[in-house]
Amino acid sequence: MIVTIDRAWLLDLAQKSIPGDPDTVDFGTMAAAVARHTDKVMDTYVYTDVHHRAAALMHQLVRVPGLEYGNELFGAVVAASYLTASGVAVTATGKQAAELAARIRDGLDVRSVAEEIRGWIGA
C-alpha cells in the first residue's frame, strides 16, 4: 500500500516542526509535493518505492521553497515523517538530513536523493 499525504498534512507538520511557525509563502509548492509523490505515467507510479516518494517530497520542498524560512529542515522532516508513516524505521541523524538538504539546495537530483534516503532506512 502506498501512503499518500495531502496539503493539510504538510501544513500541520510545518506548524509542529519548524520553530517559530513560518508563514506559507507558496501554497503551490505544497500542492506540487502532494501531486509529485504519487504521480503516475500510464498507470505506473513514477516513484515506486517508499524512499523514492520520500525523496520526491524532500526534493520538491527544498528546491521550491514554500515556507517563509526553514525549507531545508522542513524537507528533511517531511521525508523522515513520510518514511515513518509508511511503516519504515528511520535511522538518519539530524546532521545527515541537514547535509542532504544542503546538497539538494545546491542541485542534487532526485534519483541521487532517493539513494541517500534509502540509507536512512533501518532494518
Margin query: Just to be sure before I move on: is Arg63 of a type in the set (Lys, Arg), touching a Gly at 6+ places or on another chain (Cβ under 9 Å) and surrounded by fewer than 20 Cβ atoms within 10 Å (Cβ to Cβ) in the structure I sent?
Written below: yes
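Pick from Gln15, Gln60: which is over 17 Å from Asp109 (Cβ atoms) and out of contact with any strand residue (DSSP E or B) (no Cβ under 6 Å at 6 or more places or on another chain)?
Numbers: Gln60 fails: over 17 Å from Asp109 (Cβ atoms).
Answer to the check: Gln15.
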Checklist line | Filter result (out of contact with any Gly (no Cβ under 9 Å at 6 or more places or on another chain) and outside any helix (DSSP H, G or I)) within region 87-119 | finding: Gly87, Thr93, Asp106, Gly107, Leu108, Asp109, Gly119
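Across region 1-28, which residue is surrounded by the fewest Cβ atoms within 10 Å (Cβ to Cβ) among those that are hydrophobic (A, V, I, L, M, F, W, C) and out of contact with any Phe, Trp or Tyr (no Cβ under 8 Å at 6 or more places or on another chain)?
Within region 1-28, the first condition is being hydrophobic (A, V, I, L, M, F, W, C), and the residues that meet it are 1-3, 5, 8-11, 13-14, 18, 25, 27.
Subset that is out of contact with any Phe, Trp or Tyr (no Cβ under 8 Å at 6 or more places or on another chain): 1, 8-11, 25, 27.
Working: Met1: 5, Ala8: 10, Trp9: 16, Leu10: 25, Leu11: 15, Val25: 12, Phe27: 12.
Within region 1-28, the match that is surrounded by the fewest Cβ atoms within 10 Å (Cβ to Cβ) is Met1.
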Check: Taking interchain pairs and intrachain pairs at least six residues apart, which have beta carbon atoms under 7 angstrom, with the first residue in region 3-25 and part of a helix (DSSP H, G or I) and the second of a type in the set (Phe, Trp, Tyr)?
Finding: Ala14/Phe74
Notebook entry, point to check: Which one of these is more than 13 Å from the chain's Cα centre (by Cα), touching a residue at least 24 places away in the same chain (Cβ under 8 Å) and surrounded by fewer than 21 Cβ atoms within 10 Å (Cβ to Cβ): Ala85, Ala31, Ala89?
Noted result: Ala89
Check: Picking from Met58, Met42, which residue would you name as being without any contact (Cβ under 8 Å) to a residue 12 or more places away in the chain and either farther than 20 Å from Ala76 by Cβ or within 12 Å of the chain's Cα centre (by Cα) (or both)?
Finding: Met42
Next item on the list: Filter region 97-113 for residues that are out of contact with any helix residue (DSSP H, G or I) (no Cβ under 6 Å at 6 or more places or on another chain) and at pLDDT 95 or above and give the result.
Entry: Glu99, Ala102, Arg103, Asp106, Gly107, Leu108, Asp109, Arg111, Ser112
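Taking region 38-62 on its own, how many of its residues are farther than 20 Å from Asp12 by Cα and assigned to a helix (DSSP H, G or I)? Full working, then the answer.
Our first condition is that a residue be farther than 20 Å from Asp12 by Cα; within region 38-62, this holds for 39-52.
Cutting the leftovers down to assigned to a helix (DSSP H, G or I) gives us 50-52.
Residues flagged as farther than 20 Å from Asp12 by Cα and assigned to a helix (DSSP H, G or I) within region 38-62 amount to 3.
The values are calculated or read from the model by the stated rules, or taken from the named source; none is laboratory data. Computed from a predicted structure; not experimentally measured. Virtual Cβ from ideal backbone geometry, glycine too; neighbours counted across all protein chains shown.
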